[in-house]
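Here the structure comes first, spelled out in structure tokens, and everything after it is commentary.
The values are calculated or read from the model by the stated rules, or taken from the named source; none is laboratory data. These numbers come from a predicted model, not from an experiment. Note that we place each Cβ from the backbone using ideal geometry, even for glycine, and neighbour counts take in every protein chain shown. Surface accessibility is based on the protein's heavy atoms, side chains included, excluding ligands, DNA and RNA. Shrake-Rupley method; radii C 1.70, N 1.55, O 1.52, S 1.80 Å.
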Amino acid sequence: QVHVVESGGGLVQPGGSLKLSCAASGNIFYMIDMGWYRQAPGNQRELVARIESPGSTNYADFVKGRFTISRDGAKNTVTLQMTNLKPEDTAVYYCYANIRRDIYGGPVGYWGQGTQVTVSL
């Protein structure tokens, strides 16, 4: 019923920029928050950034000042603008949508398929 789709990954040089986009669609009664996580081979998945419906944001320390998350609430889309990319940013980036499907149920999370970001010369 709910689909989460990411786009925008690719290969970029250190110091470069990329913009990731995510769109959630389907049976969404209320969008609680959306966010981006990343996972590199051999590492655990970690939070990159998230944004709540009121507009508040939260960033991991390692991306503060470099990444910006924004949301289009009307379309349930979220964008991650990444600048000054570093090799250690290389990972698969996953979009996460946390929603309520009706007025009674609790939060339900949905993951996108992931998009590869590679930062290398």
Inset, instruction - Could you tally the net charge around Ala40, taking each other residue with its Cβ under 15 Å from the Cβ of Ala40, Lys/Arg +1 and Asp/Glu -1? - result: 0
Legend entry - Distance from the range 40-77 to the range 102-121 (C-alpha centre basis), Å: 11
Inset, instruction - Grab the eigenvalues of the alpha-carbon gyration tensor for the chain, scale each by 5, take roots, and send me the semi-axes largest first in whole angstrom. - result: 26, 14, 12
Inset, instruction - Let me know the charge dipole size of the chain about its Cα centre in debye, to the nearest 20, where only the beta-carbon of Lys, Arg (+1) and Asp, Glu (-1) is charged. - result: 80
Inset, instruction - Would you calculate the separation in nanometres between label points at Ser56 and His3, each defined as 7 Å from the Cα along the Cα-to-beta-carbon direction? - result: 3.3
Inset, instruction - Return the distance in nm (one decimal) between the two label points of a simple spin-label model at Leu121 and Ala40, each offset 7 Å from Cα along Cα→Cβ. - result: 1.7
Inset, instruction - Compute the length gained on full extension between Asn27 and Ser70: take 0.36 nm times their separation in residues and subtract their Cα-Cα distance, giving the result in nm to one decimal. - result: 13.3 nm
Inset, instruction - Mind grabbing the accessible area of Arg45 for me, 1.4 Å probe, Å², rounded to tens? - result: 90
Inset, instruction - Could you tell me the convex hull volume per residue, in Å³, taken over the Cα atoms of the range 52-121? - result: 114
Legend entry - lysines whose Cα lies under 19 Å from that of Lys64, excluding same-chain neighbours fewer than 8 positions away: Lys19, Lys86
Inset, instruction - Would you check the accessible area of Tyr110, probe 1.4 Å, heavy atoms only, in square angstrom rounded to 10? - result: 40
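Return a whole-number percent for the relative contact order of the chain, with Cα pairs under 8 Å and 6 or more residues apart as the contact set. It would help to have the intermediate numbers written out before the result.
Working: 305 pairs, mean separation 44.1, N = 121.
Averaging sequence separation for qualifying contacts and normalising by length gives 36 percent for the chain.
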Legend entry - Accessible area in the full protein assembly, largest first, 1.4 Å probe, for Lys19, Lys86, Lys75: Lys75, Lys19, Lys86
